[in-house]
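The structure appears right after this line, and notes come after that.
The values are calculated or read from the model by the stated rules, or taken from the named source; none is laboratory data. What you are looking at is a predicted structure, and each value in this text was computed from that prediction instead of being measured. Here the Cβ is made from the backbone with ideal geometry for all residues, glycine too, and neighbour counts use every protein chain on show.
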Amino acid sequence: MKLTLKILAGLPALLFFSMGVRWVVDPAGIAPEFGFELSTGIGLSSQIGDMSGYFLAMSICMFLGIYTSHRTWFYPPIMLLSFTALGRVLAWVVHDAALAVPMIAVEVVVSAILLTAARVLPASEPAQVE
């Protein structure tokens with residue numbers, strides 16, 4: 001069970017890591033996958049910096065959670081994915097954006113996998129330092 005859960009959490013971590021790297025090395029190739037047109041100047045810097053940072057930080061937290069079995073590493077990506085899904089729904093409701101159901105589904109499913117991993121993987125809680 002634990003090995004299966006590590007694999008289930010590790011696959012999206014690999015995907016997110018590769019997406020973060022792609023934002024750095026080939027932003028023109030990955031931007032259309034998100035419905036983006038690349039900006040210029042400070043906008044381009046923001047797109048590359050924000051998107052690569054989002055995916056790289058999330059994947060590294062996931063890898064650390066899998067490697068250390070400390071549940072706290074799973075919570076940042078759970079929050080990022082959950083708030084991203086919520087933001088997509090709010091964009092649809094409030095701003096008449098397209099409802100990105102496939103993206104929301106991935107975010108919700110990966111959040112559920114990570115929440116399960118946070119509950120199941122740790123053998124014991126790390127010692128508290130006073």
> Listed residues 18, 46, 39; which is free of Cβ contacts under 8 Å to residues at least 24 places away in the same chain, of a type outside the set (Phe, Trp, Tyr), in a loop (DSSP other than H, G, I, E, B) and in contact with a Ser or Thr (Cβ under 9 Å, 6 or more places away or on another chain)?
Replying inline: 39
> Which members of the stretch 10-23 meet the condition of being under 19 Å from residue 103 (Cβ atoms) and of a type outside the set (Lys, Arg)?
Replying inline: 11, 12, 13, 14, 15, 16, 17, 18, 19, 20, 23
> Counting just the residues of the stretch 58-71 that are in contact (Cβ under 8 Å) with a residue 24 or more places away in the chain and assigned to a helix (DSSP H, G or I), which one comes out nearest to the chain's Cα centre (by Cα)?
Replying inline: 58
>> I'd like to verify a number: residues in the stretch 24-46 that are over 16 Å from residue 103 (Cβ atoms), touching a helix residue (DSSP H, G or I) at 6+ places or on another chain (Cβ under 7 Å) and surrounded by 13 or more Cβ atoms within 10 Å (Cβ to Cβ), how many?
In response: 4
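Every residue, every condition in (1) at pLDDT 95 or above; (2) under 20 Å from residue 56 (Cβ atoms); (3) within 19 Å of the chain's Cα centre (by Cα), yes or no:
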site: 7; (1), (2), (3): yes, no, yes
site: 13; (1), (2), (3): yes, yes, yes
site: 16; (1), (2), (3): yes, yes, yes
site: 24; (1), (2), (3): yes, yes, yes
site: 27; (1), (2), (3): yes, yes, yes
site: 31; (1), (2), (3): yes, yes, yes
site: 40; (1), (2), (3): yes, no, no
> Looking at 60, 104, which one is in contact with a helix residue (DSSP H, G or I) (Cβ under 6 Å, 6 or more places away or on another chain) and either within 20 Å of residue 19 (Cβ to Cβ) or at pLDDT below 95 (or both)?
Replying inline: 104
>> Here are the criteria: (1) surrounded by fewer than 18 Cβ atoms within 10 Å (Cβ to Cβ); (2) among the aliphatic types (A, V, I, L, M); (3) without any contact (Cβ under 8 Å) to a residue 40 or more places away in the chain. Tell me which single one residue 81 does not satisfy.
In response: (1)
